[in-house]
Structure formats: structure tokens, C-alpha cells
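Below you'll find the structure, written out as C-alpha cells, and then a few comments.
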Amino acid sequence: MMAAVKTNSCRVSSLFFLFSVFSLSQSLFNGGETFRRKLEVVLNPGRLSPPGGDLLHVRAVGDNDTLHYLFCSQGAPTLLLVHTNTTTSTLKVDWDKFLERNVSGSLKLLEYDDVNDTAEATSDLFPPYDLQNVSWSRMNLSGSSALLCSSALNNGSLCLQLSVFAEEGRDQPWPRLLHTGNSSQLAVWLDGVLPRATRSRFLLELQAAGGANPLNSVEVKRSIDDEYSPSVFQVSQWMSNSSEVGGFVQWRPVAYRRSSPALEEVTPCRHSSPRRPSDEAAVSAASGLIKAFYDEPETFALNVSFGLSGEPFYNSTRFLRWTVLVGVGAPPMDTFSPLVLAIMAVGLGTPMILLLLGGVYVCIRKRAAPSAAGYDPIN
């Protein structure tokens, strides 16, 4: 094993660019809005500068549990999330064994020439960017966030930024996903990569590995509120269809064509249905980080495609950014903010108050009006 998490029990889940999340316990539900975790951030624990890439460990300690986030750039980028039912769990890396087994395979960034503007990747796929062969920079840390960028990808860069949170809140850039102390955020963007056709569009391959409750279904939730993500009324959630609550991956079905976008620079994205990769593909894609925790992980994969028919092509800005949450427990759900509730109260309440005042005024006028014959009323 590459890593040993010493605890009475632990549950793991991972995302291969690639995710993995190892389940959950009742302790995740404690705290509500006042719940806050203590974060400890270590880059390459026990090793100064390992060859081939970095390993980030963020330890998030709650009142009676601990979340361990492991973000690895050796091979295809991998995020592993481990939940333990104790506040004293620790991580120890056997670097010799880890480096010996850490090979990662066939995860890809796909580009295709959308000649007919159908936004359907058919036979016009270019040779893929194989993420295990990309040269990655060293991770750049800022607080509990880590930035990882390719050194060069066709004159541009592919970047990932992992942010781990201590408490509930929202990041400032759109789509402003609601996060909690039980989730992390991963932003992925292409910047300046030269397209291989004037009508290029991109797809991103993702794999999720887990144990007993793998992420095997995506459900789309709809809302009437677009306060934090203007014009976006849906959220997609990649979860297990098991009755047990485990890990999740959540995103708004949009990407952005600029780093500081205007509303017209929002582009829709779509996902394929989760599928089991072939045994050979699953083994080749699994990183050493995943193999350290799972002998035979349950793996599902899907593609996320960016842009619809009629939308501008990648070449219009040569920039594309997409954001997801990865966490354990129930995915955060948006509710109306106090500001929106106040506006709704004013908007609905004002007509009612005016109607009531109008009725009172009419009644008073009727009671004060003299009789039609001009006689004084008889008591």
C-alpha cells in the first residue's frame, strides 16, 4: 500500500480526472451552518520533492471525524477523498512503493472538428491528449488551494485548481457553487491551447472509482432560482443509486469562455451516461493512488462535452473553464437567499397591503357619506 490511513474505520471515494470518495457516517450531518473544520495542508508528506509529480494532503478535522483529501499529479491527475470516523486518523506514505507502482493510463482530453455544427463527436476526433503523458508543473499552494498546470499543451495550458473548504460558503467566480465543510471544488480550464480546426470543440473524460457504492448514475435537479448562476436553472449530480448516502460529484451544466465572463460567454455542457469501462481500460486508467486503496475498485466513466449546436466554437476565445464539487454526504442544495426572500416579500406583500388599505378607505368613505335624500339619520 502507498498510504495507510490509521483509523477504526474509513470509507474512500475517488475521482480520476479521476475522483474517488470513500463513503460517509452520521457524523457528517453535525453542525449545520456553524459547522467548521480545521484544515492542515501538507505537500508531499515525508518527501521533499518526489520525481514525477506532487502529492497534496489536506487533513480536514471535524468534531468527531476527519476528511483526508489527496491530490496527485503523477500520471493523470487524481483526487482521492477518505472519510474516517475519528479525529486522530493520520496518513503515512511509503514513497518507495508509491513511486514504484504509480503509473496512470488512458484518461484523455478529446478534441473534434464540428464541421456541421452539430456538437456531436462522431468520426472527426483528433488524436487525444493523453493526460498521463502531459508534463505537469509543480503544485502552487495558496492556503487550502492548489493550482496544477500543464507545462505546455499545444502552445497553451490545461490547469486544475483544487480548493478545500472549512465551512459553508461560495466561491466568487461563476458558477458560485454552494460548498460545505464536507466538500472540495475542482476548477478545470483550457487557456490558449491552439485548436486543430477552426470549428473545434472539446470533451473531457472522467472516471470515478469507489468501493461498495460506486458513482453509477447522474441525476439533474431543477430550480426556479438563478441568483448565483444567472440563466442556469439546473444542477447535475453524479452519485450512487444506492440507498446509502456516500460520495458525490456536482456541477452546473455550463462552462465559461472567459476567465471573467459576461453572461453571453456562458456555454452549455452535456454529460454522457455513466458506464463501466472494460476491465483493461479500468486497470490502465487507475493511478497508483487509487491502487493503493483499492485492490479491485468499482469504476464508472463518463464524458463531459462543451458547447451545443449554434454556440460559438472554442476558437472564439481559446478559453474554457468548468467547475465541479467533490464531497461526501448529501450534495449541497441551493435555497433562496435572505435578499431574494425579502424581494419576494416586498413584491408579493406590497400589492396585498395596497389592496387592504384601499378596501379600508372605501369602507370609511361609504360610512361617512350622507343619505341620498339629505335627511339626518334617526337614532
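How much of the pair distance distribution for segment 80-183 lies past 24 Å, counting alpha-carbon pairs only, in percent?
When every Cα pair of segment 80-183 is considered, 51 percent fall beyond 24 Å.
What is the percent of Cα-Cα separations in segment 167-256 that go past 19 Å?
54
Please give every one of the aspartates and glutamates within straight-line cross-link reach of Lys291, meaning a C-alpha to C-alpha distance under 13 Å, and leave out same-chain neighbours fewer than 8 residues apart.
Glu100
Order Val324, Val41 by their accessible area, 1.4 angstrom probe, all chains in place, largest first.
The ranking, largest first, comes out as Val41, Val324.
Per residue, how many Å² of accessible area does segment 69-178 show with a 1.4 Å probe?
Spelled out: the 1.4 Å probe surface of segment 69-178, per residue, equals 42 Å².
What ³J(HN,Hα) values, in whole Hz, does the Karplus curve 6.51 cos²θ - 1.76 cosθ + 1.60 give for segment 81-89 when θ = phi - 60°, with x put for Gly and Pro?
10, 10, 10, 10, 8, 7, 9, 10, 5
Search the structure for amide H atoms under 5 Å from the amide H of Thr90, placed 1.01 Å from N in the peptide plane, and list their residues when 5 or more places away or on another chain.
HN-HN under 5 Å from Thr90: Lys6.
Carbon and sulfur together cover what percent of the accessible area of segment 44-107 at a 1.4 Å probe radius?
48
Using a 1.4 Å probe on the protein heavy atoms only, what accessible surface does Met333 show? Give it in Å² to the nearest 10.
90
Using a simple charge model, +1 on the beta-carbon of Lys and Arg, -1 on the beta-carbon of Asp and Glu, nothing else, what dipole does segment 216-272 show about its Cα centre, in debye to the nearest 20?
200
The values are calculated or read from the model by the stated rules, or taken from the named source; none is laboratory data. This structure is a prediction, so every number in the text was calculated from the model and none was measured. Methodologically, a virtual Cβ is constructed for each residue, glycine included, from the backbone with ideal geometry; neighbour enumeration extends over all protein chains shown. The protein model used for the area step is the full one, side chains on, heavy atoms only, and it has no ligands, DNA or RNA in it. Shrake-Rupley method; radii C 1.70, N 1.55, O 1.52, S 1.80 Å.
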